[in-house]
Amino acid sequence: PVLDEDFPDPDVLEVDGTYYAYATNTATQNVQMATSTDLESWELSDADALPELPAWVIPGKTWAPEVTQLGPGQFVLYTTTTNFQPTLQCIAVATATSPEGPFEVVGDGMLVCPPDEGGAIDAATFTDDDGSRYLLWKNDGNCCGFDTWLYVAPLSEDGLALAGPSTRLIKQDQEWEDYLVEAPTLVKRDGTYVLMYSANDYGSDKYAIGYATADAVTGPYT
């Protein structure tokens with residue numbers, strides 16, 4: 001491995017020739033960070049990219065960070081955290097003026113937290129050709145016996161709010177997916193939207209990656 005550490009769920013952002021990788025919490029850091037200039041040699045930072053959590057978050061599970069740059073000195077972090085009420089994993093949003101942070105959580109509640117669907121995890125961002133920005137996530141239905149859906153919704157210009165209704169993209173309907181789909185990543189190639197995702201039991205050798213394609217960002221995906 002290029003980074004031989006406990007560094008789960010990484011997201012990588014390039015800023016001015018430096019790559020910044022962000023990862024799930026440790027016992028002492030809410031969001032880990034590492035840097036590289038060649039994607040091969042990485043330096044793990046001692047700094048916590050998200051040093052403070054608000055009072056409405058249960059500490060100890062700050063997972064799968066996603067960082068995007070909106071403009072010069074405008075960085076937004078989306079992370080899976082555990083809400084106090086309802087006690088579900090949900091998605092919080094934080095901002096910083098530098099990719100190193102420190103990021104600070106914005107608002108007095110979660111950005112995405114559907115209690116009737118088990119909460120929300122695995123945030124990802126996508127920017128379309130026209131500059132429109134979107135947030136993707138998975139409702140955490142497998143926590144509570146619900147279906148798991150991958151969602152997309154438009155983001156406000158500052159990235160701090162959903163700018164329209166969410167759209168369901170796919171759920172676990174293939175045999176190999178078993179009881180869940182999760183961890184969406186959306187890219188666009190030659191006019192086709194390609195939705196990559198994980199499925200099945202992450203704790204077993206059946207965990208795998210699949211993809212679905214569409215002609216529009218909101219689908220339908222096949």
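Quick notes
- Ser156 being open to solvent by less than 40 Å² (accessible area, probe 1.4 Å) and modelled with pLDDT of 95 or more: yes
- Flag for Thr167 being surrounded by fewer than 20 Cβ atoms within 10 Å (Cβ to Cβ), within 21 Å of Val93 (Cα to Cα), of a type outside the set (Phe, Trp, Tyr) and out of contact with any Ser or Thr (no Cβ under 7 Å at 6 or more places or on another chain): no
- Considering segment 181-195, the residues that are touching a Leu at 6+ places or on another chain (Cβ under 9 Å) and among the hydroxyl-bearing types (Ser, Thr, Tyr) include one that is nearest to Tyr78 (Cα to Cα), namely Thr185.
- Candidate set: segment 55-69, residues that are more than 11 Å from Asn30 (Cβ to Cβ) and open to solvent by 30 Å² or more (accessible area, probe 1.4 Å); chosen: the one farthest from the chain's Cα centre (by Cα): Ala55
- Looking only at segment 80-131, residues that are part of a loop (DSSP other than H, G, I, E, B), without any contact (Cβ under 8 Å) to a residue 40 or more places away in the chain, within 25 Å of Tyr197 (Cβ to Cβ) and open to solvent by 50 Å² or more (accessible area, probe 1.4 Å) come to 1 in all.
Okay, residues lined up against (1) assigned to a loop (DSSP other than H, G, I, E, B); (2) over 23 Å from Ala120 (Cβ atoms); (3) out of contact with any helix residue (DSSP H, G or I) (no Cβ under 6 Å at 6 or more places or on another chain):
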{"position": "Ser41", "(1), (2), (3)": "yes, yes, yes"}
{"position": "Leu50", "(1), (2), (3)": "yes, no, yes"}
{"position": "Ala55", "(1), (2), (3)": "yes, no, yes"}
{"position": "Thr62", "(1), (2), (3)": "no, no, yes"}
{"position": "Leu70", "(1), (2), (3)": "no, no, yes"}
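Residue-by-condition table, conditions (1) of a type in the set (S, T, N, Q); (2) closer than 24 Å to Gly109 by Cβ; (3) not in a helix (DSSP H, G or I):
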| site | (1), (2), (3) |
| --- | --- |
| Pro154 | no, yes, yes |
| Asp158 | no, yes, yes |
| Pro165 | no, yes, yes |
| Ile170 | no, no, yes |
| Trp176 | no, no, no |
| Tyr179 | no, no, yes |
| Glu182 | no, yes, yes |
| Val187 | no, no, yes |
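- The residues listed here are Ser45, Ser41, Ser36; of these, the one that is more than 17 Å from the chain's Cα centre (by Cα) and open to solvent by less than 20 Å² (accessible area, probe 1.4 Å) is Ser36.
- Qualifying positions in segment 132-153 - among the acidic types (Asp, Glu) and either closer than 18 Å to Gly71 by Cβ or open to solvent by 30 Å² or more (accessible area, probe 1.4 Å) (or both): Asp147
The values are calculated or read from the model by the stated rules, or taken from the named source; none is laboratory data. What you see is a predicted model, and the numbers here were worked out from it, not measured in a lab. Methodologically, a virtual Cβ is constructed for each residue, glycine included, from the backbone with ideal geometry; neighbour enumeration extends over all protein chains shown. With ligands, DNA and RNA removed, areas are computed over all heavy atoms of the protein, side chains included. Shrake-Rupley method; radii C 1.70, N 1.55, O 1.52, S 1.80 Å.
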